[in-house]
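One structure below.
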Amino acid sequence: MSRAASTGERRRLAEAMPLAPALILLLLVYVGPVLWFLASSFVGNDGSIGLHNYVRLFGSATYVTTIGTTLKLAGATTLLCVLAGYPVAYLMATTRAGSSLILLVVLPFWTSYLVRTFAWIILLGRNGTINSTLISLGLIERPLELSYNFFAVVTAMTHAMLPLAILTMLSTMQNIGAHYGRAASTLGARGAQSFLRVYLPLSMPGVAAAALMVFIICLGFFVNPALLGSRRETVITQIMIDQLSTSLDWGFAGAACVLMLAVSLAIVALYQSLFGMTAVTGMETGRSQSSLRKSISRGALRLAGGLGQGLSGTGRRIEAAMGAIGLRPRSGGLRGPLALLVGLIVAFLLVPVLFLIPVSFTTSSFMRWPPEFFTLRWYQTYLLHPIWVSAILRSLLVGLGAAIIATTVGTPAAFALVRRRVPGKPALMSFIIVPMILPHMVLAIALFSLYAQIGLVGSAFGLVIAHAVLAIPLVVITVSSVLRNYDQRLDQAASVMGARPPRVFRTVTLPLIGTGMISAFIFSFISSFDELTVSLFVTGGLTATLPKQMWEDAINQVSPGLAAVSTAILVGLTVILLAVALYQRRAGSTAIELRG
Amino acid sequence: MEKTKDRFEFGRRNLIKGLAAGSLVPLASPFIGRALAAERLVVRDPGGVVNDAATKAFYKPFSQETGIEVVGVTSQLEPLSQIRTIVDSKSYLWDVALLSLQAQEILGKAGYLDEIDTSAPGIVDILPDAKSKWGVCMQIYATIFAYNTKTYGENGPQSWEDVFDLKKFPGRRALRKYPIDTLESAAMADGIGVKDVYPLDLDRAFKKLDEVKPGVNLWWSNGAQSSQAAASQEVDIVSTYNGRVQAAIDDGAPYKIVWNQGIWAPDGYAIPKGNPKAKIAHDFLKFCARPDRQAEYSKAVPYSPPNPKAFEFIDKARIDLMPTAPGRVEKMVMENGAYWAANLEKVAARFNEWVVK
């Protein structure tokens, strides 16, 4: 940074110029509306300025209780996601076979989470798949109470968030070199000890990043609690939606949003003081460790070391016992059980996704288990219905529009952040990822109140812009990770050969970062294609995108047609995903050479 | 499938070029939408069986007679805020909305709905109880309960008192997560007669609700959820609209409807104020008041027609499934729209607080 400070003010501005479009869009469509909306929370119903809305918020048991419920559900889900996701990410990062799991893990990630929620309704019902299977096997006599409770909600939420947790941890683990483990064993650490004292601490930033992302996204969840929970699982977002749909009390909704923001920001701040933003953004911040962070990590290290000693002692005893009964432990001892565990977790991820396929062919007019075969009626009535066709088309167009804007605006920003000497990079990066780390609900309500005043409610344009802002962080993170692995000497070589900067960009840089841009484009598209909260509000409950139409259908119609639509989307997205994988494999050969 | 794959293999340049052209479409689509809207009427309904029946009885026949396309759009129950947003922002995304009588009352008095010509043919015949200055009612439904005959045989609960008695009738229950209907049934469960339900004794009703609370597994917020719970036999007793549980019964679910102490109410179409297409919307409302149309609607979903002349077109077996079949209305209570128009907001806050506690 000190070098940047010594150059002139104008030069610095020029260096930062590529960031301008992204920052302007963020200010206009995110920060501006959100701040303006939050400010309205200090205006009471009668127009007076003060804390009335907050007094009401904390004075009513409804809000205090539902905030508690929201935190409890998010906390339980985060814990389960980290615990179940760690072994999967570990296996994927450390073994060749494990890395091929990625397609299976990603598959549920790219299928609508609404769809997955319905699968859980049928799986967990009193006469659902799990109960009827257990009864027919004679394992239980009376159905277990699996639905309409905390268990059902947390199961479905964990299922929804687990892929994200795995991918976040994986990206950190992939950067832990195998030589650390070898060094540890050279110094005499046994398997468990080497893992606990070396690998686990090194992977902690990834674990924390996963926990952060999962927790914050969970704060905004309302679909699972609404459809799978009992009255005790009512979350604050649901109350806000109910409240806004009977009385348009913006000030009060604003107060609830401020509270949600405060919780999210507190968690982000805690995270940043412990780990920095590196694992989320992939960007070196270069900050020195805070003393809090140091003491916590030292404590954790000591704890892990102690555990390692204990475990390796136990491990030795188990090995000895196994040897005694004639089982010789293979190298890497625990691989077998680990693979089994990971297999079970991956099955947990996949079963609900594949599950709706048979249900979509049922002749019953309700989603029921077992399905009664066989009809294509649901495919015909749903996929040909004008409302569904227009919802699908609108979602495709909105997704494409949002992805184009996000990629066009985000790519130059990523360039500036990686290549240029821009002052305050960490702060800028934190600013750009704001839409990703704050609950979507806040943007949804803020934009709804803004759009209602300027007549943009229900317009496709308003939705495209909103989704584009949400996708900018995805683009910046994806493209900058490609840029960081990109060897700049290739550009320099082209310049030396006489190419001017535009030509260098067009003939060398663009083709090389193309894969990254396409991935960013596809991430943005899918994030828009699957987005519900903002669509629900910004459309004013009027025009429908596909997820919104599915949500309406889910709460108003509940027919096997939903399973048919889900299956069609699953097939469609899988085809896209496979095409991308194929494309990346083709383009990937050059990318891998560059990395070396 | 093959086609999608090919497109992705065209290469980067074509892809980017194609996408750049595609970006113009979403930007232009609001205008396309507006141009098409001239010959289209968008009607909000609560989905499920209501949407199916309205499509058969009102939407399609109206299109055939006038050439104007009618599209049913589903939204959550009681969309008060959406109507206010539509009128305040002048973005008329719904031209007509199906609303409860008290929603018509609340919105109409606040100036959000067009007044109806109540002397127009068809509309003039509608029952006095189902008449409103701001809407044309096309269905009378009843909130009743039904029990699973596999669980209780023929000796299931016969009154709200039985429904709220967890000892006498153990089993899973589904109730509506909303003060309207749920508080009325609690009041009757506590021994208040059908004639004395209003004004509601809230303290008594909430105290009675405390008793049934541990036995309620599903608090549904939309009718279809209750249909689904009955169809998959998720609960033993379900309190819902008669048409919603009938849909499950028709699909083979073993439930029996109990009409005793039911709560009946009319619903109807209303027009958000200031709509440039108001004339077509008013024509549509007159169309829906016609006896033959209301009869057609009642054939698709067992709700009673508010226009008594419609009964000439309906056979006796069908009338048996309706709330107003002979001998039923006397044992029921009519939902008091004026009470709820005045008290809904306050009572809803108390109900929400109670339900999450």
The stretch B:236-253 - phi-based ³J(HN,Hα) in whole Hz, Karplus 6.51/-1.76/1.60, Gly and Pro as x: 8, 10, 10, 9, 7, 6, 4, x, 6, 6, 4, 4, 5, 4, 4, 8, x, 6
What is the spin-label model distance, in nm, from A:H179 to A:V43 if the labels are put 7 Å beyond Cα along the C-beta direction? 6.2 nm
What ratio of Cα Rg to 2.2 N^0.38 Å holds for the protein assembly as shown? 1.01
Which translational diffusion coefficient, to the nearest whole µm²/s, is obtained for the stretch A:156-254 from the Stokes-Einstein equation, given a Kirkwood hydrodynamic radius over C-alpha pairs, 10 °C and 1.306 mPa s? 95 µm²/s
Pseudo-spin-label distance B:R204 to A:T363, built 7 Å along Cα→Cβ, given in nm, is 5.1 nm
A:A20-B:D125 pseudo-label distance in nm [points 7 Å out on the Cα-to-Cβ vector]: 7.0 nm
Starting from 0.36 nm per residue, how many nanometres of slack lie between A:E9 and A:R377 once their C-alpha separation is accounted for? 125.8 nm
Theoretical ellipticity at 222 nm over the protein assembly as shown - DSSP helices of four or more residues, -39500 (n - 2.57) apiece, nearest 500: -19500 deg cm²/dmol
Here, chain B modelled as identical Cα point scatterers in vacuum has Debye log10 I(q)/I(0) at q = 0.07, 0.12, 0.15 Å⁻¹ of -0.35, -0.90, -1.27
Between A:E141 and B:K256, how high is the FRET efficiency from 1/(1 + (r/R0)^6) when r is the Cβ-Cβ distance and R₀ = 30 Å? Nearest 0.05. 0.70
On the accessible surface of the stretch A:125-190, probed at 1.4 Å, how many percent belong to carbon and sulfur atoms? 59 percent
Residue-normalised value, i.e. accessible area per residue, for the stretch A:400-488 at 1.4 Å probe, in Å², stands at 26 Å²
In the stretch B:72-104, what residues drop by 30 Å² or more of accessible area when the other protein chains are put back, versus the chain on its own? Use 1.4 Å, and skip ligands and nucleic acids. B:T74, B:Q76, B:S81, B:Q82, B:R84, B:T85, B:S89, B:L93
Given backbone amide H placed at 1.01 Å from N, residues whose amide H is under 5 Å from that of B:G135, ignoring those fewer than 5 places away on the same chain, are B:I116
What is the gain in length, in nm to one decimal, between A:T186 and A:R489 on full extension, counting 0.36 nm per residue of separation less the C-alpha to C-alpha distance? 105.4 nm
Which of B:K299/B:K357; B:K56/B:K277; B:K56/B:K168; A:K548/B:K168; B:K195/B:K309; B:K56/B:K133 exceed 32 Å between C-alpha atoms? The answer is B:K299/B:K357; B:K56/B:K168; A:K548/B:K168
Among the aspartates and glutamates, which fall within straight-line cross-link reach of B:K150, defined as a Cα-Cα distance under 14 Å, with same-chain neighbours fewer than 8 residues apart omitted? B:E234, B:D236
Alpha-carbon gyration tensor eigenvalues x 5, square-rooted, for the stretch B:51-151, Å: 24, 19, 18
Heavy-atom accessible surface buried between B and A, both sides counted, 1.4 angstrom probe, nearest 100 Å², is 5600 Å²
B:T240 neighbourhood, Cβ < 15 Å, K/R = +1, D/E = -1, net charge -2
Using the Karplus curve 6.51 cos²θ - 1.76 cosθ + 1.60 with θ = phi - 60°, work out ³J(HN,Hα) for each residue of the stretch B:321-328 in order, rounded to whole Hz, and write x for Gly and Pro. 8, 9, x, 9, 4, x, x, 8
Residues of the stretch B:241-260 with accessible area at least 50 Å² lower in the all-protein-chain context than alone (1.4 Å probe)? B:D251
Table column - 3J(HN,Hα) (Hz), the stretch B:94-104, Karplus curve with 6.51, -1.76, 1.60, x for Gly and Pro: 10, 8, 9, 9, 7, 10, 5, 4, 6, 5, 4
Considering Cα pairs under 8 angstrom that are at least six residues apart, work out the relative contact order of the stretch A:35-153 and quote it in whole percent. 11 percent
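Per the 1.4 Å probe, what fraction of the accessible area of chain B, in percent, lies on carbon and sulfur atoms?
54 percent
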What's the FRET efficiency of A:R96 with A:L51 using the Cβ-Cβ distance as r and R₀ = 51 Å, to the nearest 0.05? 0.30
With only alpha-carbon pairs counted, each pair once and no self-pairs, how large is the Kirkwood hydrodynamic radius of the stretch B:227-357 in angstroms? 17.5 Å
Taking Cα atoms of the stretch A:107-212, Rg/Rh with Kirkwood Rh, to two decimals? 1.19
With every protein chain in place, the residues of the stretch A:37-81 shedding 50 Å² or more of accessible area versus the chain by itself (probe 1.4 Å) are A:T62
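The values are calculated or read from the model by the stated rules, or taken from the named source; none is laboratory data. The model shown is predicted, which means the values in this text are computed figures rather than measured ones. Methodologically, a virtual Cβ is constructed for each residue, glycine included, from the backbone with ideal geometry; neighbour enumeration extends over all protein chains shown. Ligands, DNA and RNA are excluded from the accessible area calculation, which covers all protein heavy atoms including side chains. Shrake-Rupley method; radii C 1.70, N 1.55, O 1.52, S 1.80 Å.
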